[in-house]
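Presented below is the structure to which this report refers.
The values are calculated or read from the model by the stated rules, or taken from the named source; none is laboratory data. Note that the structure is predicted; figures quoted are calculated from it, not measured. Positions of Cβ are backbone-derived with ideal geometry, glycine not excepted, and every protein chain shown enters the neighbour counts. All accessible areas refer to the heavy atoms of the entire protein, side chains included, with ligands and DNA or RNA removed. Shrake-Rupley method; radii C 1.70, N 1.55, O 1.52, S 1.80 Å.
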Amino acid sequence: MEIREEIDRRRTFAIISHPDAGKTTLTEKLLLFGGAIHVAGAVKSNKIKKGATSDFMEIERQRGISVATSVMGFEYKGIKINILDTPGHEDFAEDTYRTLTAVDSVIIVVDAAKGVETQTRKLMEVCRMRNTPVMVFINKMDRPNRDPFDLLDEIEKELKIKVRPLAWPVSGGPTFKGVYNLYENKLSLFLSDDKQRAEGEVVDVALDDPRIDDYISPFTQHLRDDLELVEGVYPPFELDDYRAGELAPVFFGSALNNFGVRELLDCFIRIAPSPRGSRTEQRAIDPYEPRMTGFIFKIHANMDPNHRDRIAFLKICSGVFERNKPYLHVRSGKNMKFSSPNAFMAEKKSIVDLAYPGDIIGLHDTGNFKIGDTFTEGEQLKFTGIPSFSPELFRYIENADPMKFKQLYKGIDQLMDEGVAQLFTSKLNGRRIIGTVGALQFEVIQYRLEHEYGALCKYEPVQVYKACWVESDNREQMEDFRRRKFNNMALDKHGREVFLADTSYALTLAQEKFPEIRFHFTSEF
Ligand code: G4P
């Protein structure tokens, strides 16, 4: 196959949701439809079981298992699909944010009874920053649920995106029958109640076919009324608007019962974008360029003491990655070749000889790589669009063993490179502040410093509400800000200036008082 064809047939995406909305179930059903697995329940996704929330070692253990499911590749109707898994636990949200930098589109799962929840809202903000095309799957229609029109309104308002239903539920709750496929204008019902497999009888009848009554009576009229309203209220589906991240096609269904999943998948492979271009500090990268470029968006450290290895996930952005071919690791200036890069197919890892744009490969790492590292065939490039996100929890980190000063700082440095948390250094007193997205990370850091670096740390409270990167074209105002806010100024790991606001009120006040200063909530602006 030509390289161009290989690129065009790839779809790399992530499924995101608030915990419990059904991300794992949907992932599994997609793999089932794709023939990548044969029985539901086979995938142990990145999902962290309930009840494990207080035990981070258990969570890490489960995360360890899930290395193989970090990327799930499979073929469906000639299309190569790469699903990037994201951790369900919100304490690992930063992992999810970074994963979103490596995908070309996203499917958002929303619970039909709960509507849009906090985590979904936050993740959507990241999609919006990058204009990532999104599709929405409203799940659990087999349970008591909210009115579909209400749900669409809420999505539009809360996720700030135009919506267009492409599948419509026939009834809901206990009488849920299936979905009407608006994309292909036919009814899709599963008559089989075998939830474990993807087979089952599918009925295709159009709305104007009199036989429709045989299947969905007494809901036919209701469906006709609903669809009339849909056509009246929502503009027709425009592919360009979806691809620009401005319009979300919406599907209804029940992942658990296989309802609506095939409709979603069939539409997905038709409309979801193949690998898109990427940005570097130097120039734009076109996926069809002959030379290989790629960047590391995630590093997974194994906490099992018997296998203390790290896997760096490389997203191929252009050209063809070849096993055993030397590539330039731009940050160190060294040429490196990889004898056993891993590709991920469903749950299995295998050594791969060639990888194309859109593919993700796993590289063994002994501590040399950082998030954002770029590989090329010699060109000096640095990919952008892999920002750090403003953390939400902060603590001073102190050395608890004076003999292990060096180990501690080496450990902190490496953990930060891996993206476990972010480090800020106070300008006032030079103390180091760790910022994280979830409380669990503090424990993870403490544990790993001790077990991997032989260093002891302790935490002390610090009053910080939010860290924002600040800049201004008005030098005078910036100087004035620095002077007045000296106690709250810090430097991030790259030496950039960060304002650590004590409270949300202090932040608002600062924004009002210094209108020419830009306050950024991600490290790239
Ligand atoms: P997550 O990855 O987004 O956290 O959600 P997950 O798929 O694990 O689903 C959360 C719970 O919701 C699971 O039940 C799952 O079986 C259920 N679920 C998912 N899709 C549907 C659906 O379409 N209809 C109904 N009724 N339930 C659905 P659980 O009891 O928490 O877990 P399990 O013991 O069944 O695995």
Q) Restricting the search to region 451-468, which residues are within 30 Å of the chain's Cα centre (by Cα) and of a type in the set (D, E, K, R)? A) E452, K466
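Give the residue that is nearest to I296 (Cα to Cα), with candidates limited to residues of region 412-441 that are of a type in the set (V, I, T) and out of contact with any Phe, Trp or Tyr (no Cβ under 9 Å at 6 or more places or on another chain).
Here the answer is V420.
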Q | Residues of region 246-274 that turn out to be open to solvent by 10 Å² or more (accessible area, probe 1.4 Å) and part of a loop (DSSP other than H, G, I, E, B), as a count | A | 4
Q. Is it fair to say K466 is charged (D, E, K, R), open to solvent by 30 Å² or more (accessible area, probe 1.4 Å) and within 30 Å of E516 (Cα to Cα)?
A. yes
Q. Which of the residues that make up region 61-83 are over 16 Å from I361 (Cα atoms) and at pLDDT below 80?
A. R61, Q62, R63, G64, I65
Q) In this structure, is F297 farther than 25 Å from P148 by Cβ and in contact with a strand residue (DSSP E or B) (Cβ under 9 Å, 6 or more places away or on another chain)? A) yes
Q | Considering residues of region 414-450 that are among the small types (G, A, S) and within 28 Å of the chain's Cα centre (by Cα) only, the residue nearest to P87 (Cα to Cα) | A | G438
Q.
Quick check on K315: is it modelled with pLDDT of 95 or more, in contact with a helix residue (DSSP H, G or I) (Cβ under 7 Å, 6 or more places away or on another chain) and open to solvent by 10 Å² or more (accessible area, probe 1.4 Å)?
A. yes
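Give the residues of region 424-474 that are basic (K, R) and more than 20 Å from L500 (Cα to Cα), sorted by residue number.
Across region 424-474, the qualifying residues are R448, K458.
Can you go through Y459, Y409, Y453, Y396 and tell me which one is within 19 Å of A301 (Cα to Cα), in contact (Cβ under 8 Å) with a residue 24 or more places away in the chain and among the aromatic types (F, W, Y)?
Only one candidate qualifies: Y453.
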Q) For region 90-180, list the helices (runs of 4 or more DSSP H) that sit wholly inside it and hold at least 3 residues that are open to solvent by less than 40 Å² (accessible area, probe 1.4 Å), closer than 25 Å to G435 by Cβ and within 16 Å of the ligand (Cβ to nearest atom); which are they? A) 93-99, 118-129
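Among the candidates D365, D359, which residue alone is under 24 Å from Q414 (Cβ atoms), touching a residue at least 60 places away in the same chain (Cβ under 8 Å) and open to solvent by less than 30 Å² (accessible area, probe 1.4 Å)?
From the options D365, D359, the qualifying one is D365.
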Q.
Whether any residue in region 34-45 is within 26 Å of C317 (Cα to Cα) and either more than 12 Å from the ligand (Cβ to nearest atom) or modelled with pLDDT of 80 or more (or both) is what I want to check.
A. yes
Q) Does region 318-325 include one or more residues that are open to solvent by 40 Å² or more (accessible area, probe 1.4 Å), over 18 Å from P133 (Cα atoms), away from the ligand (no atom under 16 Å from the Cβ) and touching a strand residue (DSSP E or B) at 6+ places or on another chain (Cβ under 9 Å)? A) yes
Q) If you scan region 340-359, which residues turn out to be acidic (D, E) and touching a helix residue (DSSP H, G or I) at 6+ places or on another chain (Cβ under 6 Å)? A) E347
Q. Just checking, which of T86, T27 is in a loop (DSSP other than H, G, I, E, B), within 10 Å of the ligand (Cβ to nearest atom) and at pLDDT 60 or above?
A. T86
Q. Has region 187-209 got any residue that is on the phi < 0 side of the Ramachandran plot, at pLDDT 85 or above, touching a Cys at 6+ places or on another chain (Cβ under 8 Å) and outside any strand (DSSP E or B)?
A. no
Q | Cβ pairs under 8 Å, 6+ apart, first in region 468-485 and free of Cβ contacts under 8 Å to residues at least 60 places away in the same chain, second part of a helix (DSSP H, G or I) | A | V470/M478; V470/F481; E471/M478; S472/M478; S472/F481; F481/A510; K485/A510
**Q.** Subset tally (residues that are in a loop (DSSP other than H, G, I, E, B) and either over 25 Å from A248 (Cα atoms) or modelled with pLDDT under 95 (or both)) for region 275-285
**A.** 5
Q. Considering region 250-294 alone, what residues qualify as being away from the ligand (no atom under 16 Å from the Cβ) and in contact with a helix residue (DSSP H, G or I) (Cβ under 7 Å, 6 or more places away or on another chain)?
A. I271, P273, S274, P275, P287, Y288
**Q.** strands (runs of 3 or more DSSP E) completely within region 345-399 that count 1 or more residues being modelled with pLDDT of 90 or more and of a type outside the set (D, E)
**A.** 360-365, 374-376, 393-399
